[in-house]
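Encoded as structure tokens, the structure appears first; notes follow it.
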Amino acid sequence: MSDAASSGIFVIEGAPAGAPIPVSRETVTAFVGPTPRGPADIPIAVRSVAEYQRRFGCPDAPSRMEGYLQQFFANGGTMAVVVRVCRSQQRARIHLPGSKGTISLEAVCPGAFEFLRASVDYDNIDPEQSNHFNLVVQRLASTTRPVVVEQEIYQAVSAEPDAADYVGDALLESSLVRLLGTCTGRPARTLGAGVAADADYVYSDDLLGPGNAPTDYDLVGSASEGTGLFALEQVPCIDLLCLLPLSAGQTVGPVALFAAERYCQRRQALLLVDPPPGWQTVHDVATDRQQLGFDSPNVVTYFPRARDGNLLGAMAGALVTDDREQGLWRSAARSLRLLTPSQLEPRLNEADIAVLARFGVNAVARDARGNVRLHGLVTRGRRSGLSAEWSSLRLRRTALFILGGIARGSRWAVFRADDEYARAELRQQLVKFMEALYRDGALSGEHGFQSWYLRGPVRDGDGLSIELGLALRRPGEFLSFRICHYHGDCEIRELGWQPVLAQAV
């Protein structure tokens, strides 16, 4: 059996019927983009830069993802979900010769920077067990720094495909390699030149180059195959999604931006993106935003871009910190402090900050004490045709939190028989959630009937429909939504503004 560490892969369990919907939880931030190596199209939770380096980093290859995460954790981020995307699926191989032929091991993770080696010995193997051997597989930091960062040991495995301890079956647990094909016989001891006893190592093939660079289509991925963005389907909930541009100094292309925005709408999440390199002045921003037709309350960006890199990780970390210290809806902050040594050009004044906010762009500027602050706290939803409330980052995030909680928490009811008891149980669950939100200050109004209303649940064809009204800014002025559950998905539609008389108790 392998002694490999936990893979970090998420296992999703649906909420049980009627379980309380939490009114607070850790903010989940996902980063999707290229890394030098590591598992591809699998969400991995990391809680430090060191953990990222162990799983995805390589001293021989610079990593922009590492720069994003350094800023994220420096600004108070506690957990990042990393999804590696890559275009080339070429994998390194280790060839172990034997008297009956060569067996080959293939790396689990694709890419040229997966430096592996393996050794074979017969220590403590009974002479009668002529098909058994011990196998050690190691992953190295790099070719120039051959430090072992991960090791797996398989003792007394068999070369016989029909054996219970067959090496091919044992390697199904490995996070490093798989057996390629079948065994032709026991591999020979891996002895170094002039060595008669101690095992040496056989190194993986040297792949020529890192392969083709990923494209916007690799970032988007495939819903049916669970790649790219859609690898995040394995994560129960996400709040912030940082989509990395594929090259330094650039921004995410329109194909990936559009697809990611649609994905965030469905997952009740916010998409954080770097500003385009063409934004050199506030006038450039205003002109571009007037001409550009793409707006969404689920997209957040900033200006100016830092000279020595991006501020996306810093912005995400600052939001996570504010959630933890102040609370998502209790925070009254009009700006957030960013811890970054970055050089900022141009320098912005108060008039510039106001102009940017009108166009749904957050301003990054130094205050009188020299601290870098994120001003505006707005989304790019100002011209999206939806409610004006969605230009406020705090209000949009509050609504997404509530809608996401209901969408996930009420999912169980779709699979229950359509009877009066099930509908009453679901309504009681939702009422308790809304009352808890009201008590916690998430909604406006001195009384609950001024803060929210609920209609349903009712059966809608093969699905389940719930209508919800939220008073986010002023008591009695509701933004209304219809949450429709189907066996395959959950759709949330905004119904617009409803006056106080529209409520139904």
What are the residues in the stretch 80-99 that are out of contact with any strand residue (DSSP E or B) (no Cβ under 6 Å at 6 or more places or on another chain) and either farther than 19 Å from Ser119 by Cβ or modelled with pLDDT of 90 or more (or both), if any?
Val85, Arg87, Ser88, Gln89, Gln90, Pro97
Just for the stretch 305-316: of the residues that are over 23 Å from Leu403 (Cα atoms) and either of a type in the set (Asp, Glu) or crowded, with 24+ Cβ neighbours inside 10 Å (or both), which one is farthest from the chain's Cα centre (by Cα)?
Asp308
In this structure, does Ala424 turn out to be within 24 Å of Ala269 (Cα to Cα) and either in a strand (DSSP E or B) or not aromatic (Phe, Trp, Tyr) (or both)?
no
Out of (1) in contact (Cβ under 8 Å) with a residue 40 or more places away in the chain; (2) loosely packed, with under 14 Cβ neighbours inside 10 Å; (3) farther than 25 Å from Phe73 by Cα, what's the single condition that is false for Arg411?
(2)
With the checklist (1) farther than 22 Å from Phe31 by Cα; (2) buried (at least 20 other Cβ atoms within 10 Å of the Cβ); (3) within 27 Å of the chain's Cα centre (by Cα) in hand, flag the one item Leu356 doesn't pass.
(3)
I'd like to verify a number: residues in the stretch 100-113 that are touching a strand residue (DSSP E or B) at 6+ places or on another chain (Cβ under 8 Å) and either more than 21 Å from Pro34 (Cβ to Cβ) or charged (D, E, K, R) (or both), how many?
5
Please go through the stretch 331-349 and pick out each residue that is touching a residue at least 40 places away in the same chain (Cβ under 8 Å), of a type outside the set (A, V, I, L, M) and part of a strand (DSSP E or B).
Ser335
Could you say which residue among Gly98, Gly67, Gly38 is in the same structural domain as Ala159 (by TED's automatic domain parsing) and either of a type in the set (Lys, Arg) or crowded, with 17+ Cβ neighbours inside 10 Å (or both)?
Gly98
For Glu106, indicate whether it is part of a helix (DSSP H, G or I) and either in contact with a Pro (Cβ under 7 Å, 6 or more places away or on another chain) or closer than 29 Å to Thr144 by Cα (or both).
no
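Conditions (1) at pLDDT 95 or above; (2) of a type outside the set (Val, Ile, Thr); (3) in a loop (DSSP other than H, G, I, E, B), marked per residue:
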position	(1), (2), (3)
Ala365	no, yes, no
Glu389	no, yes, no
Trp412	no, yes, no
Gln428	no, yes, no
Leu443	no, yes, yes
Val458	no, no, no
Lone unmet requirement of (1) at pLDDT below 90; (2) within 30 Å of Leu219 (Cβ to Cβ); (3) touching a Gly at 6+ places or on another chain (Cβ under 7 Å) for Phe73:
(1)
Quick one: is Arg423 on the phi < 0 side of the Ramachandran plot and under 25 Å from the mean Cα position of the chain (by Cα)?
no
Would you pick out the residues in the stretch 230-259 that are within 17 Å of Arg394 (Cα to Cα) and in a strand (DSSP E or B)?
Leu240, Leu241
May I ask you to list pairs of residues, at least six apart or on different chains, whose Cβ atoms are under 7 Å apart, with the first in the stretch 422-449 being surrounded by fewer than 16 Cβ atoms within 10 Å (Cβ to Cβ) and the second being basic (Lys, Arg)?
Gly441/Arg330
Subset of the stretch 260-294 (residues that are assigned to a helix (DSSP H, G or I), touching a Leu at 6+ places or on another chain (Cβ under 8 Å) and without any contact (Cβ under 8 Å) to a residue 40 or more places away in the chain)
Glu261, Tyr263, Cys264
Test: Asp284 is at pLDDT 90 or above, among the acidic types (Asp, Glu) and either in the same structural domain as Val355 (by TED's automatic domain parsing) or surrounded by 13 or more Cβ atoms within 10 Å (Cβ to Cβ) (or both):
yes
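The values are calculated or read from the model by the stated rules, or taken from the named source; none is laboratory data. Not measured: the values here are computed from a predicted model. With ideal geometry, Cβ positions are generated from the backbone for all residues, glycine too; neighbour counts draw on all protein chains shown.
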